[in-house]
Amino acid sequence: MTAMPKFKISRRRFLISSAALGGGLALGLRLPPFGPEVVRAADGSPEITVWVAIRPDNTTLIRAVRAEMGQGTITGLAQLIAEELDCDWSKVEIEYPTPGQSVARKRAWGEFSTGGSRGVRQSNEYVRKGGAAARMMLVQAAANEWKVPASECTASASVITHKPSGRYAGSPSRPAAHAGLEQPKDVPLKDPKTWKIAGKPLKRLDTAKKVNGAMIYGMDLKMPGMLNAAIKECPVFGGKVKSFDAARVSGMRGVKKVVQVGDSAVAVIADTWWDAKTALEQLPVVWDEGVNAKVSSADIAEVLKAGLDAEQAFVGNQAGGDVKAVLAGAAKRIEAVYAYPFQNHACMEPMNATARWTPDRCELWGPTQNGEGAFAQVLAASGLTADKVDVHNVMLGGGFGRRGTYPDDYVTQAVLIAKQMPGTPVKMIWSREEDMAHGRFHPVMQCRLVGGLDSSGNLTALHMRLSGQSILAAVRPEVVQAQKGRDPLSFQGVFESGEHSFSYTVPNLLIDHAMRNTHVPPGFWRGVNINQNAVFIECFMDELAEAAGQDALEFRRKLMAKHPRNLGVLNAVAERIGWGKPAPSGVHRGLAHLHCFDSFVAAACEISVKDGNKVKVHRIVAATDPGYAVNPAQIERQVAGSFVYGLSALFFQECTVKDGRIEQTNFHQYNSMRIAQMPKVETILMPTGGTVWGGIGEPTICVAAPAVMNAFYRATGKRVRSVPLKNHGIELV
Amino acid sequence: MRLTINGKSHEVDVDPTTPLLWVIREQVGLTGTKYGCGVAQCGACTVHMNGLPVRSCSIPVSAASGAKITTIEGLASGKVLHKVQKAWIDHDVPQCGYCQSGMIMAVAALLRTNPKPSDADIDAAITNICRCGTFQQVREAIHMAAKAA
């Protein structure tokens, strides 16, 4: 983290910052001397601040470096900049500076990484200031030209007006008028209550090209002379290529070259991807499957099970006295073990990247959630210096955390392939089968919860023992090392403090994690560890309430006096769903809530169950308090969409391991919800302001699953404690 | 082999077993039709063959020869968008958008045979996967497009 001195790392921000660490850290070693600053947009229009350039026709070019993968971040950030700039929203266009340009300007655009629901919340202040400073400079330039005080001029919808004289001008009246002006140091921001562009349910900026096939995804890139590559990595994680017989396929249609990629993969390069894939399927490859060749899901489950009883564990949250002693003496002791599986992101667009390498230059085009992380990987794989490489991001066909920066992933592969065809752009595409086999999987986790009730049914002690995989240990080991082995992200939603703090007060509390890593590479999967933690804690709260003979909502409320914003969202969904009032015949309800990514979220659902196993989710009411809402329409879409992702995971999705490899190969074994199964989602957006901006893309995903599981228990009397529900014979209809 | 796509005739030199999807994308150069699964599960590759929706990843190009094929690029009439495309823009349906070409083609085919589909009709006919989860907007936009007819 010392490589990022511009970020002050307070304890409160630790989680965010640590998760934000991209491969960008690797930049430090081989930076070229910084060149002259680029102060113009790609088309030559002058730049006002790094976030804003204005064309002669008065179109405002807003710069964006976060990745757009459907979550609407680019539209939201543009709204914030346009708001402070006071520009004409109908004349806004987006321009995407590259990581190479940013590096050459001493990281002028800051963080590129787009994960952890940070896109808007972590950059809102500096992009707003970038917009506000640009407005101040344009106003100053106009005032100078008119020889009037800037304080007498105002800006609105790209027009600057000097009220006393009635003079007005589109900004800027002379494009270079602001040229000699320094960027103001004191840049006040607007009160969100006065927003006219931000905070409004505006349409996305990128829809038109998504309805006529014109939007270009990484998969769609075309370049003169481009070849295509299909790749296969050893299906057993950690295995290597022993040998392959290129001669057997080199005469096949379109085949140009068969290459080894790193020590674990082979690729066929051909005229078309279909030719490459066809030849790859015929290519004889002998793998050295290594030490993991016999590992199965059952083996992994045994290791995790042992962790539930392990002496040593990392503490994530602790309060009161000796929890185990209090539990031993409790009037009533309740215990349950839950489990959550490996899951693949299954982005609609399989992994891919296009690279061109020469001894003097290496460029990569492709979908990434972290341009700088990809830049660092291209740098490392190309063997070139930072002034000779660059990364061009394109629209992502889904991300969900899969397109973050992981070691030895698709970006590195694309460069290693291109290096073996110098001067030729090569587009590498993973088949869906390759994508299923080589995900960066949602970590596997088990959890034992033990609760103690006194004779009046009050919760006096709670022990939540997690046992399972750490993402950071695999992906950002330096963060885990700095925490003396602990992975703070394992405790998302139940942590001692910060953006993922626990939203109950329990007199005697212990939440700890026995870290049990596996050979299956883990990744950040939309919501990350809140998915399982919400299931564990919120289903168990229902179990405790039942043991105490109390209503599930009332039982929770008693523990939430010090968590008013969680109580706020929980009360909101309870009221809207009609909690405490009779449900329609055959309909059963459940609820859940959590604090995560600095947002407060809750859900209440109504389901019915036919034949004991066919679940229809009729309705989910979801409340979210993210502090501030930049685009309510897009937030509604994120909430409803997150439930599709989350409920697909709950009902259908598990990646099982056999002989060291993932068994599922495609959607027929790894199902995803269809429109027929979609519940009606009612979103309650209740931002309550404050100094902290919460995330949107991920938080709500986690509350749907426990709400549905709790409702399923009410409907059937059957308590299900492991995901996915298909393993219990339960269907979603 | 000769293919008719969006009213234009194309001569392609491919193995006849090549899936129609990859001929459309790599030989004809129309990339709006997407690869998602290759096994007719997700519907991202949906095109119209003689007016009917088909999953082009699982049809050999030899079976498409002589047929009238329409892709997302050919759905609009010149610059006039199809009513489904219009409804998609009005309802701000796409998120990442990758599956939406296939979704729109499936919906356009549905509305041709069933101009006023009920929710149950939609549930039965639209089986495309969308991982972003746009279904709530998809349903609203289908009803809107049906009204526009």
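The values are calculated or read from the model by the stated rules, or taken from the named source; none is laboratory data. Small disclaimer: the values here were computed from a predicted structure and weren't measured. All Cβ positions, even for glycine, are placed from backbone atoms using ideal geometry, and neighbour counts span all protein chains on display.
Per-structure values
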{"item": "Region A:271-285 residues that are more than 8 Å from chain B (Cβ to nearest Cβ), paired with ones that are of a type in the set (S, T, N, Q) and outside any loop (DSSP other than H, G, I, E, B) (beta carbon under 8 Å, 6 or more apart)", "result": "A:ASP271/A:ASN228; A:ASP275/A:ASN228; A:ALA276/A:ASN228; A:VAL285/A:SER243"}
{"item": "Candidates A:GLY646, A:GLY694, A:GLY690 - the one that is in contact (Cβ under 8 Å) with a residue 60 or more places away in the chain and in contact with a Pro (Cβ under 6 Å, 6 or more places away or on another chain)", "result": "A:GLY694"}
{"item": "Scope region B:61-79; condition more than 13 Å from every other protein chain (Cβ to nearest Cβ) and either outside any helix (DSSP H, G or I) or not polar (S, T, N, Q) (or both); matching residues", "result": "B:ALA63, B:ALA64, B:SER65, B:GLY66, B:ALA67, B:LYS68, B:ILE69"}
{"item": "Those residues of region B:98-117 which are assigned to a helix (DSSP H, G or I), touching a Lys or Arg at 6+ places or on another chain (Cβ under 7 Å) and within 9 Å of another protein chain (Cβ to nearest Cβ), in sequence order", "result": "B:GLN100, B:SER101"}
{"item": "Checking A:ALA325 against (1) touching a strand residue (DSSP E or B) at 6+ places or on another chain (Cβ under 7 Å); (2) in a helix (DSSP H, G or I), the condition it does not meet", "result": "(1)"}
{"item": "Elements of type strands (runs of 3 or more DSSP E) in region A:572-658, at least 2 residues being modelled with pLDDT under 95", "result": "none"}
{"item": "Residue selected from region A:635-675 under the condition within 13 Å of chain B (Cβ to nearest Cβ) and of a type in the set (Gly, Ala, Ser), by the criterion nearest to A:PHE441 (Cα to Cα)", "result": "A:ALA649"}
{"item": "Filter pass, A:GLY401 being small (Gly, Ala, Ser), under 20 Å from the mean Cα position of the chain (by Cα) and at positive phi", "result": "yes"}
{"item": "Search result, residues across region A:188-202 that are in a loop (DSSP other than H, G, I, E, B) and more than 14 Å from chain B (Cβ to nearest Cβ)", "result": "A:PRO188, A:LEU189, A:LYS190, A:ASP191, A:TRP195, A:LYS196, A:ILE197, A:ALA198, A:GLY199"}
{"item": "Top-ranked residue of region B:103-149 - restricted to ones that are without any contact (Cβ under 8 Å) to a residue 12 or more places away in the chain and of a type in the set (A, V, I, L, M, F, W, C), ranked as farthest from A:VAL733 (Cα to Cα)", "result": "B:PHE135"}
{"item": "Test: residue in region A:679-693 that is among the aliphatic types (A, V, I, L, M) and assigned to a loop (DSSP other than H, G, I, E, B)", "result": "yes"}
{"item": "Helices (runs of 4 or more DSSP H) contained entirely in region A:73-154, each with at least 3 residues that are in the same structural domain as A:SER165 (by TED's automatic domain parsing) and in contact with a Gly (Cβ under 7 Å, 6 or more places away or on another chain)", "result": "A:73-85"}
{"item": "Total residues in region A:289-306, condition in contact with a Gly (Cβ under 6 Å, 6 or more places away or on another chain) and closer than 18 Å to A:PRO235 by Cβ", "result": "5"}
{"item": "Residues (of a type in the set (Val, Ile, Thr) and either within 14 Å of the chain's Cα centre (by Cα) or at the interface with chain A (Cβ under 7 Å from one of its Cβ atoms) (or both)) located in region B:25-46", "result": "B:THR31, B:THR33, B:VAL39, B:THR46"}
{"item": "Subset tally (residues that are under 23 Å from A:GLY399 (Cα atoms), outside the structural domain of B:CYS132 (by TED's automatic domain parsing) and not hydrophobic (A, V, I, L, M, F, W, C)) for region B:40-98", "result": "3"}
{"item": "Of all residues making up region A:272-287, the number that are within 18 Å of A:LEU416 (Cα to Cα) and either touching a helix residue (DSSP H, G or I) at 6+ places or on another chain (Cβ under 8 Å) or part of a loop (DSSP other than H, G, I, E, B) (or both)", "result": "1"}
{"item": "Checking B:GLN95 against (1) facing chain A (nearest Cβ under 9 Å); (2) among the polar types (S, T, N, Q); (3) part of a helix (DSSP H, G or I), the condition it does not meet", "result": "(3)"}
{"item": "Test result for B:ALA125, surrounded by fewer than 24 Cβ atoms within 10 Å (Cβ to Cβ), within 12 Å of another protein chain (Cβ to nearest Cβ) and touching a helix residue (DSSP H, G or I) at 6+ places or on another chain (Cβ under 6 Å)", "result": "yes"}
{"item": "Among residues of region B:128-149, those that are under 30 Å from A:GLY399 (Cβ atoms), of a type in the set (D, E, K, R) and surrounded by fewer than 23 Cβ atoms within 10 Å (Cβ to Cβ), counted", "result": "2"}
{"item": "Any hit, region B:40-60, residues being farther than 16 Å from B:ILE104 by Cβ, in a loop (DSSP other than H, G, I, E, B) and touching a Ser or Thr at 6+ places or on another chain (Cβ under 7 Å)", "result": "yes"}
{"item": "Residues located in region A:203-219, provided they are charged (D, E, K, R), facing chain B (nearest Cβ under 7 Å) and touching a residue at least 24 places away in the same chain (Cβ under 8 Å)", "result": "A:LYS203, A:ARG204"}
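Per-residue answers, yes or no, for (1) buried (at least 22 other Cβ atoms within 10 Å of the Cβ); (2) within 10 Å of the chain's Cα centre (by Cα); (3) free of Cβ contacts under 8 Å to residues at least 40 places away in the same chain:
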{"position": "B:HIS48", "(1), (2), (3)": "yes, yes, no"}
{"position": "B:VAL61", "(1), (2), (3)": "yes, no, no"}
{"position": "B:SER65", "(1), (2), (3)": "no, no, no"}
{"position": "B:LEU75", "(1), (2), (3)": "yes, yes, yes"}
{"position": "B:VAL84", "(1), (2), (3)": "yes, no, no"}
